[in-house]
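Asks: The structure is given below, and queries will be raised subsequently.
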Amino acid sequence: PVPARFEAILREYQKTGFRWMKTLDKCGFGGILADDMGLGKTIQGIALFEDTYSSGEKAPSLVVCPASLVYNWEQEIQKFAPDLKVQSVVGTGPQRLELLEKIKEDPSGCQILITSYDLLKRDITNYENTEFFCEILDEAQFIKNQSTQAARAVKMIHAGTRFALTGTPMENRLSELWSIFDYLMPGFLYGYKQFKEEIEAPIVEQQDQDAMMRLRRMITPFILRRLKKEVLADLPDKL
């Protein structure tokens, strides 16, 4: 069931998104919530947090997003789930370190940490001994290049469940999709060398239909994407 606080807030497609995320979490998987821009991916993630922590979860969660969205996430959580303890990991290096040390000593002091991709790659060693319930990447196209420091940093976080929010799950190359799945469920799409040989190269170079269908069958359960035109009935009138 949708958390009581969100029953009147979420639109029907958002309730479906929350239940999809909850199902993947319960089954030990991760997923890409790839709804069109403006369809409320953030609030679906917050509903997952509300349900999780109202059920007694003790481990904190981590949200990683572009620097411009850190305070937006904090404000949205405070607005829609005011009972949750949320903290943005910002400020100077010593200030961020002090904050993370406090959370290591007393995980109950904060339920949701929010940081940026840039700060996470600088601070990654300070996260090494922290076990998170969930890690959510917002604007996950930031890790589409598997070799960047940001991509490596988010994959080093110890989290039981991982989700990615992005309106552009795959832009130009299948390697970008592989990189996000390598964060979500490492090994699910094999190592990159095997993925390139068995799936990416046959699709790109030969338009191999069997390889396309194989990839589609593998990833479809773990990507939820709704376009505005598909949920128009659920959207309010344009003002």
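Asks: Exactly one of these conditions fails for VAL89: (1) over 17 Å from the mean Cα position of the chain (by Cα); (2) open to solvent by 20 Å² or more (accessible area, probe 1.4 Å); (3) of a type in the set (A, V, I, L, M). Give me its number.
Replies: (2)
Asks: I've got another one for you. Is it the case, given these coordinates, that ARG5 is in a helix (DSSP H, G or I), under 16 Å from the mean Cα position of the chain (by Cα) and among the basic types (Lys, Arg)? Outline the logic, then answer.
Replies: Values: in a helix (DSSP H, G or I): yes; under 16 Å from the mean Cα position of the chain (by Cα): no; among the basic types (Lys, Arg): yes.
Considered against the rule, which asks whether it is in a helix (DSSP H, G or I), under 16 Å from the mean Cα position of the chain (by Cα) and among the basic types (Lys, Arg), ARG5 comes out as no.
Asks: Take the residues in segment 126-154 that are hydrophobic (A, V, I, L, M, F, W, C) and closer than 19 Å to GLU57 by Cα; name whichever of them is most open to solvent (accessible area, probe 1.4 Å). Step through it out loud before you land on a result.
Replies: The initial filter retains those residues of segment 126-154 that are hydrophobic (A, V, I, L, M, F, W, C), namely 132-134, 136-137, 140, 142-143, 150-151, 153-154.
Next cut, closer than 19 Å to GLU57 by Cα only: 132-134, 136.
Working: PHE132: 9, PHE133: 27, CYS134: 0, ILE136: 0 Å².
The residue in question is PHE133.
Asks: Can you name the residue in segment 210-228 that is in contact with an Asp or Glu (Cβ under 8 Å, 6 or more places away or on another chain) and of a type in the set (A, V, I, L, M) and, of all such residues, is surrounded by the most Cβ atoms within 10 Å (Cβ to Cβ)?
Replies: In this case the residue turns out to be LEU224.
Asks: Residue by residue through segment 36-72, note down the ones that are farther than 22 Å from ALA8 by Cβ and part of a helix (DSSP H, G or I).
Replies: Going through segment 36-72, the residues farther than 22 Å from ALA8 by Cβ turn out to be 36-37, 56-72.
Listed by number, the residues that qualify are ALA67, SER68, LEU69, VAL70, TYR71, ASN72.
Asks: Follow-up question, since we're still on this one. Would you mention how many residues in segment 195-209 are part of a helix (DSSP H, G or I) and exposed (fewer than 11 other Cβ atoms within 10 Å of the Cβ)? Give the derivation first.
Replies: Pass one, segment 195-209, residues part of a helix (DSSP H, G or I): 195-206, 209.
Add one more test, that the residue is exposed (fewer than 11 other Cβ atoms within 10 Å of the Cβ), and what stays is 205-206, 209.
Selection size over segment 195-209: 3.
Asks: Among the residues of segment 174-184, is any at pLDDT below 95, touching a strand residue (DSSP E or B) at 6+ places or on another chain (Cβ under 6 Å) and either surrounded by fewer than 17 Cβ atoms within 10 Å (Cβ to Cβ) or β-branched (Val, Ile, Thr) (or both)?
Replies: yes
Asks: Hey, can you tell me all the residues within segment 9-35 that are at pLDDT below 95, open to solvent by 70 Å² or more (accessible area, probe 1.4 Å) and in a loop (DSSP other than H, G, I, E, B)?
Replies: ARG11
The values are calculated or read from the model by the stated rules, or taken from the named source; none is laboratory data. None of the values given here were measured: they were computed from a predicted structure. Cβ sites come from the backbone with ideal geometry, for glycine too, and all protein chains shown count toward neighbours. With ligands, DNA and RNA removed, areas are computed over all heavy atoms of the protein, side chains included. Shrake-Rupley method; radii C 1.70, N 1.55, O 1.52, S 1.80 Å.
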